[in-house]
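These notes are about the structure you will find just below.
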Amino acid sequence: MDNVTVFTHPLIQHKISILRDKKTGTNEFRALIEEIAMLMGFEALRDLPLQDVEVETPIETCMTPMIAGKKMAVVPILRAGLGMVNGILALVPSAKVGHIGLYRDEVTHEPHEYYCKLPSPIEQRTIVVTDPMLATGGSAVAAVDFIKQYGGKNIKFMAIIAAPEGLKRLHEAHPDIQIYVGHLDRELNENAYICPGLGDAGDRIFGTK
Ligand SMILES: O=P(O)(O)OC[C@H]1O[C@H](OP(=O)(O)OP(=O)(O)O)[C@H](O)[C@@H]1O
Ligand SMILES: O=c1cc[nH]c(=O)[nH]1
Ligand SMILES: [Mg+2]
């Protein structure tokens with residue numbers, strides 16, 4: 001699929017396997033989500049624009065590349081996407097952070113919006129949307145719809161685990177965005193949970209149940 005990257009890096013696969021283990025506690029789970037986001041972000045941000053700036057080394061003055069301007073936004077889908085934000089900010093500390101609040105109805109599995117605040121202006125920014133779980137794809141499609149309504153154009157979506165159904169739905173709804181997936185799982189179950197998955201990412205990050 002064009003514009004879709006499914007990671008195979010052993011460090012990412014190893015960390016995802018620890019996430020899956022139901023014995024992994026909140027502390028470790030939260031740290032792993034952040035580390036995986038950073039590893040995925042390293043690849044996802046390989047096309048960030050650079051500009052040459054003048055720097056004086058101890059030897060001489062030279063022109064050398066740096067990230068051009070403050071041109072990035074991280075937009076987590078609340079709540080679980082919040083867990084990935086610091087991993088991306090560790091790479092680009094100057095990035096602005098927007099928030100989109102969505103929860104999935106337990107019966108219909110449809111996403112419901114409860115919050116949306118994005119950095120303005122957003123048109124020129126590289127926008128990294130984070131959510132560990134891409135299940136039916138309803139939340140991801142709704143979040144990207146919002147960002148496009150606000151004027152966002154250069155959008156990257158990062159999920160740690162995706163179901164084939166959700167990846168297909170997001171790619172078909174928004175073929176122009178770059179999608180990054182840490183691992184593509186087998187399927188959704190009758191409750192629209194990813195199998196084998198890792199359970200409810202939000203509850204495991206924040207210790208709620
Ligand atoms: O692809 P979908 O079928 O839309 O499902 C994925 C969504 O479900 C989870 O959020 P949840 O509704 O559990 O909210 P939470 O992050 O607050 O726990 C997850 O973090 C995604 O946002
Ligand atoms: O498996 C799933 C599906 C949706 N949301 C989660 O947190 N986990
Ligand atoms: Mg949840």
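Summary of values
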item	result
Any hit, region 92-108, residues being part of a helix (DSSP H, G or I), open to solvent by less than 60 Å² (accessible area, probe 1.4 Å), more than 16 Å from ligand 3 (Cβ to nearest atom) and in contact with a strand residue (DSSP E or B) (Cβ under 8 Å, 6 or more places away or on another chain)	no
Matching entry among I88, I67 (being of a type outside the set (S, T, Y) and in contact with a helix residue (DSSP H, G or I) (Cβ under 7 Å, 6 or more places away or on another chain))	I88
Residues satisfying the stated conditions in region 176-190, i.e. without any contact (Cβ under 8 Å) to a residue 60 or more places away in the chain and either within 15 Å of ligand 3 (Cβ to nearest atom) or open to solvent by 20 Å² or more (accessible area, probe 1.4 Å) (or both)	R186, E187, L188, N189, E190
Given (1) away from ligand 2 (no atom under 14 Å from the Cβ); (2) open to solvent by 70 Å² or more (accessible area, probe 1.4 Å), index of the condition H171 fails	(2)
In region 67-80, residue nearest to E35 (Cα to Cα) [restricted to those that are touching a residue at least 24 places away in the same chain (Cβ under 8 Å) and out of contact with any Gly (no Cβ under 9 Å at 6 or more places or on another chain)]	M72
Search result, residues across region 36-85 that are under 25 Å from I18 (Cα atoms), away from ligand 1 (no atom under 16 Å from the Cβ) and open to solvent by 50 Å² or more (accessible area, probe 1.4 Å)	M38, L39, F42, E43
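The values are calculated or read from the model by the stated rules, or taken from the named source; none is laboratory data. Computed from a predicted model, the values in this text were never measured in an experiment. For neighbour counting, all protein chains shown are included, and Cβ atoms are generated from backbone atoms with ideal geometry for every residue, glycine included. Keep in mind that these areas ignore ligands, DNA and RNA; they rest on the heavy atoms of the full protein, side chains included. Shrake-Rupley method; radii C 1.70, N 1.55, O 1.52, S 1.80 Å.
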